[in-house]
Amino acid sequence: MTVPVSITVNGQRYDREVEPRLLLVHFLREVVGSTGTKVGCDTSQCGACTVLMDGVSLKSCTALAVQADGAEVTTIEGLADGDALHPLQDAFWEKHGLQCGFCTPGMIMASHELLRVTPDPSDAQIRHGLEGNMCRCTGYQNIVRAVRQAAGTTAGQP
Amino acid sequence: MSTRIFGSGIRRREDPRLITGSATYTDDLTLPRMVHAAMLRSPHAHARITAIDTSKAAAAPGVIAVYTHADTEGGLQPAPCAWLLPDSDLKIASYHCLAKDVVRFAGDIVAVVVAESRYQAEDALELIDVGYEPLPAVTDPEAAAAEGAPKLHDEIDGNQAFHWKVAGGDVDAAFAGADVVVKDRIVQQRLIPNAMEPRAALASFVGATGELTVWNTTQNPHIVRFLTSLVLGLSEDKIRVIAPEVGGGFGSKIAAYPADFLTMFCSRKLNRPVKWTETRSENYQSTTHGRDHVQHVELAAKNDGTVLGLRCTVHAGMGAYLSTAAPGIPTILHGLMLSGVYTLPAVHEDVYGVYTNGVPVEAYRGAGRPEATFMLERMMDVLAARLDMDPADVRRKNMIPKFDDGHEVVTTLKYDSGDYPGALDKVLSHADYAGLRAKQKAGPANGTYTGLGLATYVEICGLGPSQVAGAIGFQGGLWESAIVRFHPSGKVHVFIGASPHGQGEETTFAQIVGSELGVDPQDVKVFHGDTDNTPMGWGTYGSRTTAVGGAALALTARKIRDKAKVIAAHLLEAAVEDMDYEDGKFFVKGAPDQSKTIGDIALMANVAWNMPEGVEAGLEASTFYDPPNFTFPFGAHLAVVEVDAETGAVALKRYVALDDCGPQINPVIVEGQVHGGVVQGVGQALWEEAVYDEGGQLVTGSMLDYALPRADLLPDIEVLSTVTPSPHHPLGVKGIGEAGTIASTAAVYNAVMDALRPLGVTSVRMPLTPERVWQAIQDARQAKG
């Protein structure tokens, strides 16, 4: 059995027939072919799959594609403005906020949410805000620096 | 060398693709006609397979094939163990890619399903009927070695995979002449590496050519190719292994795994591309784990704190089978490091590698050295407590004095260079150790006890001279390679045999070329991780990529410079010996205005219109660098913790890390390595443990249950360094990838024990969870009465 969905991903609308059980993250990766969003676990702990749905962050492994029907989804691929990096992307680069890069798409999208809700966070607020995203490489310190640098810019704006 | 490029914290060259979602990891790949594999794994830790019925699965929607062990006979050899530890009575049990008759850990693969989609393949797994006759299981290494323990492999008595020894000096005399002997039983708990990218393989066999291409989440594609040729019976020239973007490894992507070989086998059988990607749960129950030592340690000393000897017995859990490099980890990389930064007159260690009904244990960040460092550093603190000395004083008393060109220790290793007292002193003064101690003496505030923990360390990196590799049973070489190719435009391509997977060598290697040849690092592109397009190399582990591969690259760049100088002399109509070089410019001595840039030379060498006689066209060189010795980075770390005696909760308040990896090519990248390494070691001390229940079920089977370090649990780490070049490395560099992990577990553990000392607690099993700490406090109170 399949059901129709209409999901806009990074500005492009996708009208597709999907199994009701299809996870949003698999819709993004396998149906849309937008593989920037990662799958790092199967219990919604790691946050590698974090995207924005209608501007609000969501672990896309916790949602079904059908739940995103009619929604606008933004993934890491949709964050930059053409060739101009989003301030968060630039800050992660500048502050060495990534190593292997696998958690990075989710970490940047979660940071986007953090700054949307708390535009000028303290370090403690950043650390608390990112506790749902796992990184095994950086020890988080440079991620905190990156988010702090991006804060105060337009980082949290859609 | 240009100091502007070497030593500069430039932004990483690899990041633009990573921060935009443009990078391609193995699971991101799709090929035409590609199908998906899923593995049926044993739910039992130990059981006999009485029957397998795959008929329902084979008939399920989308299913293309289902294979069990019988289907692989003749087409698939067992996954090899490639470190044949000598003089150890090594007994290697066959690690069949699909279990044959018996499963030996919960996660052992019983069947593989190939289907049109991943969902269909996973659905079909549930339709396979397997009859199991459960057998008794054992997962603790000491229990597995005990008389009467369940036997894993019929042909191997006592579950003993090997018995390895290291001995030096007269340890019996040391203990006989000691004023004081301190002892401890240390459990280096089993850990799960948790690279954020799960493991995956995409195999594409083309029947018409007989060629197999494999994209694989590996730290060492050339080794995977080599082992694939053995397991699948294909010659190496028909196999291409590509490590695309790889999302961390920490040792867990060294091994060549049954699931990888099965994916290749399926592709060969079906003549179409097959992809397999593990789930995180699957990762926990099948991708290699780390550590798992039970150590009985005794340290002999004089009353003034002078250490006389170390005696220890280690039972190292190896899991159900020996993983690719496993036998060398708790032995060569552990036992040979038992002198640490100290003058240790005598040592004796017995290491028993023991088969257990758990996931195979492999290298995990630090790989043997953290287990050695912890043992020594813990005993230093136990000794200090016994003698009522300050832990810093006991360390200083026994430290090897500064040396810059070789120091041989009792385990026969020759350290390259070090200044251990200098490292310790710098940390103590930075942290105001004396002040912290004075504050601590004031006593606990509101039931909160402060503790200070030190760990000083030296590690063995830059693995290593190939002659030594052969002598210690490593079934390969340990050299590295580099090719440098100048294009007519002066832009550079570099090809290396090592395989970085997050460490940043695309940047640091561009900096090496930049500094040696005066080109902009932005104009240097580094290629790695493809056996068809890079020279042979042995991979990225043991902090060896820069220590060995970086040397290969520096020497290659110098060959280019030598050739360029000859061409420049010709173009400037000067004698070669009259030529000088600085920052990418070749000029006649004393006449810097008359010069040729490396770009000019690259153009001329490529068009070759006017070359010196006898000089070949092109500007390209290569080096296969076999190091004369290992490198020995070192450092000193200090942790400050607060323990709430009412709840047992530990808070890490401060962490100071000093690491000396020699000259730093990119200090920002070095600092990042230290941060990540330290946090992984803190995780072991405070939170992480792979727990098996009595039946051999992995209780910590998901990220819900296995406590990974989180952002909100950590302070900022204060990173310091000293610079002691390696005398035998062309750039003096030593390696930094594992340093943090090697020191931090001991530093944090010692800090917590220091805090608990007034309460009478002397030992707590790691990880130091609030429950364990609280219980230890209660037990100590009871014991006191």
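None of the figures in this text is laboratory data; all of them are computed from the coordinates on show. Note that the structure is predicted; figures quoted are calculated from it, not measured. For neighbour counting, all protein chains shown are included, and Cβ atoms are generated from backbone atoms with ideal geometry for every residue, glycine included.
Below 13 Å, Cα to Cα, which aspartates and glutamates can B:Lys426 reach? Residues fewer than 8 away in the same chain don't count.
Those aspartates and glutamates meeting the cut-off are B:Asp659, B:Asp660, B:Glu718.
Please give every one of the aspartates and glutamates within straight-line cross-link reach of B:Lys91, meaning a C-alpha to C-alpha distance under 15 Å, and leave out same-chain neighbours fewer than 8 residues apart.
Correct list for B:Lys91: B:Asp154, B:Glu155, B:Asp157.
List the relative contact order of segment B:18-122 as a percent without decimals, with contacts defined as Cα pairs under 8 Å and 6+ residues apart.
47 percent
Return the long-range amide H neighbours of B:Gly247 (sequence gap of 5 or more, or a different chain), with a cut-off of under 5 Å between placed amide H atoms.
It is B:Glu197, by chain and number.
Evaluate the charge dipole of the protein assembly as shown about its Cα centre and quote only its size in Debye, nearest 20, assuming +1 on the Cβ of each Lys and Arg and -1 on the Cβ of each Asp and Glu.
480 debye
Show me the GluC sites (Glu not before Pro) within segment B:613-685 that DSSP assigns to loop and that have at most 12 other Cβ atoms within 10 Å of their Cβ.
Those satisfying the criteria are B:Glu613, B:Glu616, B:Glu646.
Quick one: which of B:250-263, B:589-602 comes out on top by average Cβ neighbours within 10 Å, and what's the full order, highest first?
Ranking the peptides B:250-263, B:589-602 by packing returns B:250-263, B:589-602.
Enumerate the amide H contacts of B:Val526 below 5 Å, restricted to partners 5 or more residues apart or on another chain; note that Pro and chain-start residues carry no placed amide H.
It is B:Val494, by chain and number.
What share of the DSSP beta bridges in segment B:279-358 is antiparallel, in percent to the nearest 5?
In segment B:279-358, DSSP labels about 50 percent of beta bridges as antiparallel.
Residue by residue through A:28-36, how many Cβ atoms from other chains fall within 10 Å of the Cβ on average?
Average per residue, whole number: 3.
For the pair B:Glu236 and A:Asp123, what calculated FRET efficiency results from E = 1/(1 + (r/R0)^6), where r is the Cβ-Cβ distance and R0 = 56 Å, to the nearest 0.05?
The computed FRET efficiency comes out at 0.65.
Choose one of B:Tyr132, A:His96, A:Val5: the residue whose Cα lies farthest towards the positive end of the charge dipole of the protein assembly as shown (beta-carbon charges +1 Lys, Arg; -1 Asp, Glu; about the Cα centre).
A:His96
How big is the charge dipole of segment A:1-157 about its Cα centre, in debye rounded to the nearest 20, if each Lys and Arg gets +1 on its Cβ and each Asp and Glu gets -1 on its Cβ?
Here segment A:1-157 has a charge dipole of around 440 debye.
Under the definition of partner shielding as Cβ atoms of other protein chains within 10 Å of a residue Cβ, what is the mean value for peptide A:38-50?
Average per residue, whole number: 6.
Order these by the 10 Å Cβ neighbour count, fewest first: B:Tyr457, B:Tyr415.
Ascending Cβ contact count within 10 Å gives the list B:Tyr415, B:Tyr457.
Around B:Asn666, what is the net charge, scoring Lys/Arg as +1 and Asp/Glu as -1 over all other residues with Cβ under 13 Å from its Cβ? If you can, show how the numbers build up before the last one.
Details: positive: B:Arg4, B:Arg11, B:Arg12, B:Arg13; negative: B:Glu14, B:Asp15, B:Glu505, B:Glu506, B:Glu671.
Counting the neighbours of B:Asn666, the net charge comes to -1.
Each residue of segment B:354-360 in order: what ³J(HN,Hα) in whole Hz does its phi give by Karplus 6.51 cos²θ - 1.76 cosθ + 1.60, θ = phi - 60°, with x for Gly and Pro?
Once θ is set to phi - 60°, the couplings for segment B:354-360 become 10, 6, 9, 7, x, 4, x Hz.
On the Cα set of the protein assembly as shown, report Rg and Dmax in Å, please.
My reading of the Cα-based Rg and Dmax gives 28.0, 93 Å.
Kindly flag which residue pairs out of B:Lys563/B:Lys596; B:Lys397/B:Lys734; B:Lys565/B:Lys585 have an alpha-carbon separation exceeding 20 Å in this structure.
B:Lys397/B:Lys734
Can you compute the charge dipole magnitude of segment A:3-77 about its Cα centre, using +1 on each Lys and Arg Cβ and -1 on each Asp and Glu Cβ, nothing else charged? Give it in debye, rounded to the nearest 20.
It works out to roughly 180 debye.
Using the count of nearby Cβ atoms within 10 Å as a rough guide to exposure, how do B:Ser466, B:Ser499 rank from fewest to most?
B:Ser466, B:Ser499
Taking only DSSP H segments of four or more residues, each worth -39500 (n - 2.57), what value at 222 nm results for chain B once the sum is divided by all its residues, to the nearest 500 deg cm²/dmol?
Result for chain B, helices only: -8500 deg cm²/dmol.
Just to be sure I understand the rule: take each whole DSSP H helix in chain B, project its Cα atoms onto its long axis, keep it if the span is 15 Å or more and its mean Kyte-Doolittle hydropathy is at least 1.0. Which ones pass?
Values: long enough: B:221-232 (16 Å, 1.36); B:258-270 (18 Å, 0.34); B:369-387 (27 Å, 0.17); B:420-431 (17 Å, 0.06); B:505-517 (17 Å, 0.04); B:550-571 (31 Å, 0.40); B:667-686 (28 Å, 0.72); B:739-756 (27 Å, 1.03); B:770-784 (21 Å, -1.25).
Span-like helices, by this rule, are B:221-232, B:739-756.
Greater than 30 Å separation of Cα atoms is the criterion. Which listed pairs, B:Lys491/B:Lys589; A:Lys59/B:Lys269; B:Lys302/B:Lys441; B:Lys165/B:Lys414, meet it?
Details: B:Lys491/B:Lys589 27 Å; A:Lys59/B:Lys269 38 Å; B:Lys302/B:Lys441 26 Å; B:Lys165/B:Lys414 19 Å.
Distance filter (> 30 Å) returns A:Lys59/B:Lys269.
If you rank B:Glu688, A:Glu77 by fewest surrounding Cβ atoms within 10 Å, what's the result?
Ordered by Cβ neighbours within 10 Å, fewest first: A:Glu77, B:Glu688.
Are there any helices in chain A, counted as whole DSSP H runs, that stretch 18 Å or more along their axis by Cα and score at least -1.0 on average by Kyte-Doolittle, and if so which?
Within chain A the helices that satisfy the rule are A:104-117.
What share of the DSSP beta bridges in chain B is antiparallel, in percent to the nearest 5?
Details: 106 of 132 bridges.
If we restrict to bridges inside chain B, about 80 percent are antiparallel.
Work out the mean other chain Cβ neighbour count within 10 Å for the residues of B:666-672 and drop it here as an integer.
Rounded to a whole number, the mean comes out at 3.
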